[in-house]
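Below is one structure, written out as structure tokens, with a few remarks after it.
The values are calculated or read from the model by the stated rules, or taken from the named source; none is laboratory data. Quick caveat: nothing in here was measured; it's all calculated off a predicted structure. So basically every Cβ, Gly included, is an ideal-geometry build from the backbone, and we count neighbours across all protein chains shown.
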Amino acid sequence: MKRFVFTLFIIPLFFACENAIKNEYAEVIVEEGTEVEVDTTLNAAVQSLKDENPGIPNAMESIESDNPLIGFWVGYFRKDDEKMGDSYDKNIYAGDVFYWERENKINISIESIEGEKVIGRSIVAGNDRPFEGTVVEVEKGIFDFKVAEPGDDYYDGEFEFTIATLNGSLRGTWEAYKDIDIKYRKYELEKKHYKYNPDQDLEYAKTYVDWSNTIESTETFEYEEGEFEEWITTEYATSTHLIYEVNGSARLLEKSEVENMKKGDLTIIRNAIYARHGYSFKNRFLRVFFDAQDWYIPVYTDIRNDFTDIELKNIVLLLKYEKNAAEYYDSFGRG
Amino acid sequence: MLQYLRIACKLCYYLGLAFFTYLMALITLQYIPLNFEVSFLVLKDELVNKLHYQIAFFAHVYTSILVLILGIPQFSLWLRNKFKLLHRNIGKAYIFLILFISAPSGLIMAFYANGDGFTKTSFILQSILWFVFTWIAFKSALKKSWISHENFILRSYALTLSAISLRLFKWIIVSVWELPPMDTYKIVAWAGWLVNLLIVEFYIYWKSQQRK
């Protein structure tokens, strides 16, 4: 009888959470517009991607035009404090590691101007939204724009901005249609030319994400978008100088160098490949980090057809080790 | 007073062993039923499809936990005296499993260990020594050379326990020093069993002095 009760106690222990030997909730964040098949064999993965995604790759460079108004206007999309009032509560802090005033890099792409009619799109925070509206030349070289997004997306709104072609600057504001968290934004942008450059290395940019620290705690961050809190619990972010030295687009990475990388390095090096292709990040930490890179321009939200062979192989390799590092690095299990 | 200290030590030892064996069992359970998606195997993508590796891997994983568990009661003097036949039968099972399955499969896996020759050498050496110690322990028992049996079975179990110590050291190194994964692995591949063997050799020496 004693033995029976004893066994009764023991059995459930074996079905207890596996957390003792691995991080069950460890997540490797793979951005939606970048997914590739991670098969057990590298070559099979590369081949299957080529077979399954016969889609059209995006343009590798922004188009030049005679009209100086047309092109990519890039800069920070900031909270408009004048219209929002005191909005310090909307800033985000994560210990000493992360401080963010909710600004995002935005790319207002003016695509065509015919008479007064303007058509274009804006890419920011993983959103790619079309707009159309009007442009009027109020003075010589000063153009007033008023363009609107369709309105079927929760975050749609209206832009009002002025371009001064003499000094190539764009200034304006934006208002959301709905009552979203940050309803009013302002921005000062400049014209930038996008070109895919596989040799673009990461720069020591001043960034509010301190990747050399670990983010482990689940302290109460009361945010409306729950995803942020979750991310803190699952991410183990440490990065080293390697992120400035290893370029996953420029050359094939060796297994021997990848197997000794910590998860933070693996994550950044992999996502840097996406950043070079102009990927607009949905994940906040990644976004804040890459926005701070001067060369980075958000251009596309789906880049699955744009990877080179070298990049595909590196992504698959990096993901494998990332998954292993996420689950086993700091737990009792092997890995 | 010394009595209590003795009891306390024994309790710590058994509790500790039980806890880590429990963790090892959890690790083993990941592979039941046959599971190739576990991260460890995903890293070995060129190997995981080869039949000889699959057989060696799963044979090793399924038997080693038994070997670990079987060894635990064998060290209890009380059990050995009270249930002589049980000690012998459990002992034969322990030895049989190591000599015929766990050690040879471990040797095969050792040739494919993560890392380079440095780590591979450690695991190859470990498998061979594990086999040799266990074999000599068995022969000593047959010849009724009890001191030799005790010494070599201690060495054998020290290597059996390396499954636990390797992972324990890994966890400590990562928690305290946060060394990168492969550097850590290179350290624990050797430390995992050398430390155990060293402790056991000290004990054997001390015991031999005691007998004089």
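Observations
Residue-by-condition table, conditions (1) more than 12 Å from chain A (Cβ to nearest Cβ); (2) more than 30 Å from B:E150 (Cβ to Cβ); (3) in contact with a Cys (Cβ under 8 Å, 6 or more places away or on another chain); (4) buried (at least 19 other Cβ atoms within 10 Å of the Cβ):
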| residue | (1), (2), (3), (4) |
| --- | --- |
| B:Y22 | no, no, no, no |
| B:L26 | no, yes, no, yes |
| B:N35 | yes, yes, no, no |
| B:E46 | no, yes, no, no |
| B:Y53 | yes, yes, no, yes |
| B:L77 | yes, no, no, no |
| B:N81 | yes, no, no, no |
| B:N114 | no, yes, no, yes |
| B:S122 | yes, no, no, yes |
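- Test result for B:S162, under 24 Å from B:L66 (Cα atoms) and in contact with a Gly (Cβ under 8 Å, 6 or more places away or on another chain): yes
- Sole residue being within 14 Å of chain A (Cβ to nearest Cβ) and either of a type in the set (S, T, Y) or within 19 Å of the chain's Cα centre (by Cα) (or both), chosen from B:L166, B:L154, B:L99: B:L166
- Flag for A:V288 being under 17 Å from the mean Cα position of the chain (by Cα) and at pLDDT 95 or above: no
This table checks each residue for (1) acidic (D, E); (2) touching a Leu at 6+ places or on another chain (Cβ under 8 Å); (3) surrounded by 19 or more Cβ atoms within 10 Å (Cβ to Cβ).
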site	(1), (2), (3)
B:G117	no, no, no
B:I136	no, no, no
B:S145	no, no, no
B:N151	no, no, yes
B:V188	no, yes, yes
B:L198	no, no, no
B:F202	no, no, no
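- Subset of segment A:254-268 (residues that are more than 9 Å from chain B (Cβ to nearest Cβ) and under 14 Å from A:Y244 (Cβ atoms)): A:G264, A:I268
- Qualifying residue in segment B:29-51 (condition: in contact (Cβ under 8 Å) with a residue 40 or more places away in the chain and small (G, A, S)): no
- Checked against (1) more than 24 Å from B:A25 (Cβ to Cβ); (2) away from chain A (no Cβ under 11 Å); (3) not hydrophobic (A, V, I, L, M, F, W, C), B:E178 passes all but condition (2).
- Evaluation of B:C12 against (1) closer than 25 Å to B:S105 by Cβ; (2) assigned to a helix (DSSP H, G or I) (one fails), failing number: (1)
- Residue in segment A:269-292 that is within 14 Å of chain B (Cβ to nearest Cβ) and crowded, with 20+ Cβ neighbours inside 10 Å present: yes
- Matching helices (runs of 4 or more DSSP H) fully within segment B:58-143 where at least 2 residues are closer than 27 Å to B:L15 by Cβ: B:77-82, B:84-97, B:117-142
- Of all residues in segment A:154-161, none are more than 19 Å from A:Y76 (Cα to Cα), in contact with a Pro (Cβ under 9 Å, 6 or more places away or on another chain) and not aromatic (F, W, Y).
- The one condition in (1) more than 17 Å from the chain's Cα centre (by Cα); (2) away from every other protein chain (no Cβ under 14 Å); (3) over 26 Å from B:E201 (Cβ atoms) that B:S140 fails to fulfil: (3)
- Among residues of segment A:294-335 being of a type in the set (S, T, Y), more than 24 Å from A:K192 (Cα to Cα) and not in a loop (DSSP other than H, G, I, E, B), the one that is modelled with the lowest pLDDT is A:Y328.
- In segment B:153-178, the residues that are without any contact (Cβ under 8 Å) to a residue 24 or more places away in the chain form Cβ pairs under 6 Å with partners that are part of a helix (DSSP H, G or I) and buried (at least 23 other Cβ atoms within 10 Å of the Cβ), at six or more places apart or across chains, as follows: B:K170/B:V188.
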